[in-house]
Amino acid sequence: MLFPLPSHDTLYDALVARDARYDGSVFVCVGTTGIFCRLTCPARKPLSTNCVFRSSVRECLEAGFRACKRCHPLRSATANDPAVARLLALLEAEPGRRWKESDVTALGYDLSTIRRSFKRYFDMTFLDMARQYRLREGFLSLTEGERVIEAQLDSGFASPSAFREAFSRLLGAAPASLKPGGLLQASWVPTSLGDMIAVSSATHLHLLEFVDRKALPGELKTLQKNLKAPLGLGTPAPTELVREELAAYFAGRSAAFLTPLAPQGTGFTREVHRLLRDIPVGETRSYADIARQLGQPGAVRAVARANGANQIALLIPCHRVIGADGSLTGYGGGLWRKQRLIEIERSYRPCVQPNITGSW
């Protein structure tokens with residue numbers, strides 16, 4: 001973040017009032033539409049529970065959100081930079097185009113100057129931004145049953161190798177290996193805190209992670225190795241159910257999760273995860289609290305490792321574990337998400353519901 005963001009309620013009030021003080025320095029990501037906007041956007045205002053606020057365009061794009069076509073958040077910061085404004089207009093006009101350095105120089109621009117400008121405004125290069133746009137479209141094409149070559153072309157990758165490399169960085173698997181069906185099926189799940197990847201079998205949810213989590217490719221490889229099953233594409237019943245439950249959760253309707261979860265890790269890790277699921281909605285615990293509940297007060301570090309090994313975000317609520325001094329501690333999805341999840345769940349406290357009763 002470029003500066004500490006005000007509270008969610010303060011920023012939501014600013015969004016409703018179209019307060020120009022935050023224009024260009026804070027953006028709102030709307031989970032129900034998958035779009036991010038300026039706080040001065042003239043569009044109809046979403047519910048507060050469907051909003052998350054970020055301080056950079058890069059955070060919005062990496063979480064899977066697309067720029068609004070009414071308020072043009074990418075353009076707002078570049079009104080005084082004609083080169084950046086022109087490139088953004090070209091990108092919006094052809095989001096599937098595969099841009100190369102030679103394309104930029106052919107327009108008469110110096111590569112190093114453009115690179116510095118985009119990094120200054122958006123904390124990412126122009127080519128990185130274009131690649132982020134294309135990759136999401138490629139994944140969605142695959143999940144809709146398109147062949148790899150069609151998904152590659154839909155997402156603007158000129159060569160199979162480039163598409164394969166970009167896709168592998170996200171999922172740790174080549175797109176050609178991801179066939180519809182199979183024991184483990186991956187699906188894209190949009191939420192108000194950013195897009196997630198869900199992996200389910202016919203009966204259980206095995207993984208649920210935000211797409212920008214750095215550990216995601218490694219987790220997917222380990223999951224496939226442990227179950228001796230390649231990753232496929234699809235939305236089995238557990239994924240359908242968790243989609244509905246996440247929508248209700250972020251809409252403020254229910255904090256109960258009934259999706260059956262596959263067990264993870266050793267017996268100790270599973271016991272830690274069980275205790276995490278027992279933390280009431282709207283409350284938090286420290287690692288030391290969990291260790292004492294286990295009857296092993298000296299196992300604080302082991303509890304922290306088991307907490308970090310969780311690969312089913314939200315449903316196994318590792319975000320409810322904080323430092324003994326009340327500070328936020330590491331969270332694979334980002335501390336800003338951890339803070340927002342805690343804030344969301346506090347709104348449930350007057351009518352606390354069970355976290356889950358689903359089977360393992």
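Output the number of the condition that ASP110 fails; it satisfies all remaining conditions of (1) crowded, with 16+ Cβ neighbours inside 10 Å; (2) at pLDDT 65 or above.
Condition (1) is where ASP110 drops out.
Provide a single number: the residues in the stretch 304-327 that are more than 22 Å from ASN226 (Cα to Cα), touching a residue at least 12 places away in the same chain (Cβ under 8 Å) and in a loop (DSSP other than H, G, I, E, B).
Just the residues of the stretch 304-327 that are more than 22 Å from ASN226 (Cα to Cα), to begin with: 304, 314, 317-327.
If we keep only those that are touching a residue at least 12 places away in the same chain (Cβ under 8 Å) too, we end up with 304, 314, 317-324.
With in a loop (DSSP other than H, G, I, E, B) added as a condition, the list becomes 314, 317, 323-324.
Number satisfying all stated conditions: 4.
Can you name the residue in the stretch 284-303 that is part of a helix (DSSP H, G or I) and touching a residue at least 24 places away in the same chain (Cβ under 8 Å) and, of all such residues, is farthest from LYS221 (Cα to Cα)?
Of all residues in the stretch 284-303, those part of a helix (DSSP H, G or I) come to 287-293, 300-303.
The next check asks that each one be touching a residue at least 24 places away in the same chain (Cβ under 8 Å); those that pass are 287-288, 290, 302-303.
Details: TYR287: 28, ALA288: 31, ILE290: 29, ALA302: 23, VAL303: 24 Å.
Out of the qualifying residues, it is ALA288.
Could you look through the stretch 215-243, keep only residues that are without any contact (Cβ under 8 Å) to a residue 40 or more places away in the chain and aliphatic (A, V, I, L, M), and pick out the one that is surrounded by the fewest Cβ atoms within 10 Å (Cβ to Cβ)?
Only one residue tops the list, namely ALA237.
Of all strands (runs of 3 or more DSSP E) completely enclosed by the stretch 188-242, which ones contain at least 3 residues that are of a type outside the set (Asp, Glu) and under 18 Å from PRO260 (Cβ atoms)? Spell out how you get there, then give the answer.
Working: elements: 196-200, 205-210, 231-233.
Passing ranges, in order: 196-200, 205-210.
In this structure, is PRO263 farther than 26 Å from GLU59 by Cβ and not aliphatic (A, V, I, L, M)?
Values: farther than 26 Å from GLU59 by Cβ: yes; not aliphatic (A, V, I, L, M): yes.
The answer is yes for PRO263.
Among helices (runs of 4 or more DSSP H) lying entirely in the stretch 1-106, which contain 3 or more residues that are at pLDDT below 90, surrounded by fewer than 20 Cβ atoms within 10 Å (Cβ to Cβ) and assigned by TED's automatic domain parsing to the domain that holds LYS119?
It comes to 82-93.
Can you pull out every residue in the stretch 267-307 that is of a type in the set (Ser, Thr, Tyr) and over 20 Å from LEU328 (Cα atoms)? Walk me through how you get there before you give the answer.
Pass one, the stretch 267-307, residues of a type in the set (Ser, Thr, Tyr): 269, 284, 286-287.
Answer for the stretch 267-307, where residues must be of a type in the set (Ser, Thr, Tyr) and over 20 Å from LEU328 (Cα atoms): just THR269.
Based on what the data block shows, is THR235 at pLDDT 90 or above and of a type in the set (Ser, Thr, Tyr)?
no
Collect the residues in the stretch 244-270 that are in a helix (DSSP H, G or I), surrounded by 17 or more Cβ atoms within 10 Å (Cβ to Cβ) and out of contact with any strand residue (DSSP E or B) (no Cβ under 6 Å at 6 or more places or on another chain), keeping them in residue-number order.
First, pick out the residues of the stretch 244-270 that are in a helix (DSSP H, G or I): 244-250, 267-270.
Pick out the ones that are also surrounded by 17 or more Cβ atoms within 10 Å (Cβ to Cβ) and you get 245-247, 249-250, 269.
Within the stretch 244-270, LEU246, ALA247, TYR249, PHE250, THR269 meet the criteria.
For ALA313, indicate whether it is aliphatic (A, V, I, L, M) and closer than 25 Å to THR239 by Cβ.
Values: aliphatic (A, V, I, L, M): yes; closer than 25 Å to THR239 by Cβ: yes.
When the stated conditions are applied, ALA313 passes them.
Rundown of residues vs (1) more than 20 Å from the chain's Cα centre (by Cα); (2) under 25 Å from PHE65 (Cβ atoms); (3) modelled with pLDDT under 65, yes/no style:
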residue	(1), (2), (3)
PHE139	no, yes, yes
GLU146	yes, yes, yes
ALA166	no, yes, yes
ALA173	no, yes, yes
GLY181	yes, no, no
PRO190	no, yes, no
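The values are calculated or read from the model by the stated rules, or taken from the named source; none is laboratory data. Because the structure is a prediction, the values reported are computed rather than measured. No Cβ is skipped: glycine too gets one built from the backbone with ideal geometry, and neighbour counts run over all protein chains shown.
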